[in-house]
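Below: one structure, written as structure tokens.
Computed from the coordinates by the stated procedures, all read-outs in this text should not be read as laboratory data. Here the structure is a predicted model, which means the values were calculated and not measured.
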Amino acid sequence: QVQVVESGGGLVQAGGSLRLSCVASGSSIFNVNAMGWYRQAPGKQRELVASITSSDSTNYADSVKGRFTISRDNAKNTVWLQMNSLNPEDTAVYLCNANVRTYVGRTLEYWGQGTQVTVSS
């Protein structure tokens, strides 16, 4: 079993900051490859916000470049998303994704339940 749990969402005014955290845990985890943050706003498709590999190679959506920073701790299977200069367009449910290699040699994708981020104008 693998669990992915996010935390850190909330309500913030435009221009403010939030830091999201995500932990992947479970006895079947051999190692966690890429981890990423996605978001889904009402009526819109889920979109990639940022991702990071186990070697710390990062990728960002154009809309968040220069404002958001993704980082991780491989030993703790934890990824963070530091979000600065937030604007109302960033309002969405933010979901964490983990690409996990298990002890039996399978590579699977796991998703968290999501954490709500609301930015007021």
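Proximity of backbone amide H atoms, modeled 1.01 Å from N, is registered between Gly16 and Leu86 at under 5 Å, excluding neighbours fewer than 5 places apart on the same chain. Extension gain for Leu108-Gln1 works out to 37.4 nm (0.36 nm per residue, less the C-alpha to C-alpha distance). Dividing the Cα radius of gyration of the chain by its Kirkwood radius returns 0.98 for Rg/Rh. A simple rule links phi to the HN-Hα coupling: the Karplus curve 6.51 cos²θ - 1.76 cosθ + 1.60 with θ = phi - 60°, which for segment 9-21 gives x, x, 9, 9, 7, 3, x, x, 9, 9, 10, 9, 10 Hz, with x for Gly and Pro. Distance between the C-alpha centres of segment 1-77 and segment 97-115: 13 Å, rounded to the whole angstrom.
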